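Read the structure below first, then the notes.
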Amino acid sequence: MSKPKFRRPEACEQKILEHLTVRPITPQERRRFDALMIEHHYLNSNALVGEQLCYVASYRGQWLALSSWCAAARYLKGRDQFIGWSPAHCRRIGQVLANNARFLILPGQHLPNLASRVMKLVLQRLSGDWQERYKHPIVLVETFVDPEQFRGTTYQCSGWTQLGLTQGWARHAKDYYIQHDQPKQLWVKSLVKNAPKKLRAAALPPAWAVVENKVKPRCTTKSAGLKTLTDHLARIPEYRSSHALGYPLAGLLTLIAVATFCGVVRGKKDLAQFASTLSQAQMRALRFRRRHKHNAKLTPPGVTTFFRILNEVDEQALELALLAWQDQVLGPVQDRIIAVDGKKLRHSQGGELVSAIGAQSGRWLGTVRTPDKTNEIIAARTLLERVSQREKLSGKVVVLDALHTNQQTARLIVQELGADYLFTVKTNQESLHKTVSGLLSARAFSPSGSDATGSDL
């Protein structure tokens, strides 16, 4: 490629450079913008992914240059090494990066210094425009230059840094890439001071951190881990008809459990979105089967698959299978203090669950749904009896809040389960509060329910 001959802009050209304007295009201009890109850009397309902005540079209404920006590459070895973060880190906050996908000087408008002038004006406003459109800034930009076509002079003059060549791979499908043997130059530019250092910091500036809330959870559990849990859940009876078994119950329950661990709590649409992140190997570990004879690829379950799945499953069988899997992963329960507490379910019509947790380890020991037209007191007693059938509570201490401070629950814990209790007593329990206050001020007493003389309290 021969080096273009340098010349200074003439007076009329300099006037254009000094008075040209750069702005985002309007929705009505998008069709014209795309048509010009397809006609005149060497890639003959304006394919953009994710969040995106398109700019036009004009002088007195005449379009001179076009520039389009979109979401940065998901994984990029050279860029990630430059910043000093992992691919997972990039996925979590990568939305504060943008890619200059297309840059085009329109035919007949190749004025000296026009490209670098347009680039400077775009970069001056890019982050602010992104903030207005997508509610977060852009702190670092990237682009790719084909060395067979261009030298990257515009980026060099605009203060970009070349990080070398890409490895010549392109995404071919969701789960894999193909090598095209056409490596590109990789260029980057920080829009804020010390951007790489700030991007790899443990705590991001508040304006940047908002992008973390936009990242939807995805399944990162290895296939071996999914298989182990699926094998445990396979003991739950399948209640559906044979036509539904493309997605076996054990695999679906494993998927739901893992999604819950990853923070998916809002229902069937979010479950289906989470399922869409599964790889072929992960779906095989979940025992999913081909839906169509002529398509070798497995497909993830959609929204309709999750309807009624949890309403019909045997709750106790599911709990026992999950607890057995937990025992295999974590070993025997070692906690001496057992905490019992009830929580109302989000996005439900008054549903409430009571759970037992190992206070030292935070380990789940079981859950009971509060029966209709009752409160969690009955559910807590049922839960403690159920836990005692699996784990000996003798010698342990059960901790409950003031709602459970009553003789029947205390008698169950001490006399039937062989444990001790720690109850909360509030001032609105006037008689009990007065009695306990008197005991504490007079002398020490046994937590097992008898005073120093052996008489019941």
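Per-structure values
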| item | result |
| --- | --- |
| Three-way shape label, region 2-57, alpha-carbon gyration tensor, a/c 1.5 | oblate |
| Environment charge of E39, counting only residues whose C-beta is closer than 13 Å and scoring Lys/Arg +1, Asp/Glu -1 | +2 |
| Accessible surface of the chain, 1.4 Å probe, proportion on carbon and sulfur as whole % | 52 percent |
| Ranked by how many other beta carbons lie within 10 Å on average, peptides 206-212, 187-193 from highest | 187-193, 206-212 |
| 3J(HN,Hα) from dihedral phi, region 76-87, Karplus parametrisation 6.51/-1.76/1.60, rounded to Hz, x for glycine, proline | 8, 4, x, 5, 5, 5, 4, 6, x, 10, 8, x |
| Cα-projected label distance for Q62 with K222, points at 7 Å along beta-carbon direction, nm | 6.4 nm |
| Label point distance in nm, I337-L403, each placed 7 Å from Cα along Cα→Cβ | 2.1 nm |
| Centre separation in Å (Cα based) which lies between region 121-137 and region 314-347 | 47 Å |
| Solvent accessible area, Å² - H232, 1.4 Å probe, full protein context | 20 Å² |
| Relative counts (whole %) of C-alpha pair distances in region 93-151, using bins that are 10 Å wide | 18, 45, 29, 8, 0 |
| Long pairs among K222/K269; K344/K434; K77/K222; K197/K222, criterion Cα-Cα beyond 25 Å | K344/K434; K197/K222 |
| Cα gyration tensor category, rounded, prolate or oblate, for region 83-227 with a/c compared to 1.5 | oblate |
| Förster radius 41 Å - calculated FRET efficiency between D327 and A207 (Cβ-Cβ, nearest 0.05) | 0.35 |
| Backbone HN-Hα couplings from phi across region 218-230 [Karplus 6.51/-1.76/1.60, Hz, Gly and Pro as x] | 9, 7, 10, 5, 5, 4, 5, x, 5, 5, 4, 5, 4 |
| Heavy-atom SASA rank of C70, C157 (probe 1.4 Å, accessible area, largest first) | C157, C70 |
| Helical contribution to [θ] at 222 nm, DSSP H n ≥ 4, -39,500 (n - 2.57), averaged over the chain, rounded to 500 | -10000 deg cm²/dmol |
| Computed accessible area, D420, all protein chains, 1.4 angstrom probe, square angstrom | 50 Å² |
| Rounded if a/c under 1.5, otherwise prolate or oblate - the chain, Cα gyration tensor axes | prolate |
| Accessible area of region 107-163 divided out per residue, in Å², using a probe of 1.4 angstrom | 50 Å² |
| In sequence order, calculated HN-Hα J values of region 151-165 (Karplus, 6.51, -1.76, 1.60; Hz; x Gly/Pro) | 9, x, 4, 4, 5, 5, 5, 8, x, 7, 10, 7, 9, x, 9 |
| Accessible area (Å², per residue) of region 299-433, counting only protein heavy atoms and a probe of 1.4 Å | 59 Å² |
| Calculated P(r) of region 236-314 - Cα pairs past 17 Å, % | 42 percent |
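The values are calculated or read from the model by the stated rules, or taken from the named source; none is laboratory data. Keep in mind the model is a prediction, meaning the values are calculated, not measured. Please note: Cβ atoms are built from the backbone with ideal geometry, for glycine as well, and neighbour counts cover all protein chains shown. We work out accessible area using only protein heavy atoms, side chains counted, and drop any ligands, DNA or RNA first. Shrake-Rupley method; radii C 1.70, N 1.55, O 1.52, S 1.80 Å.
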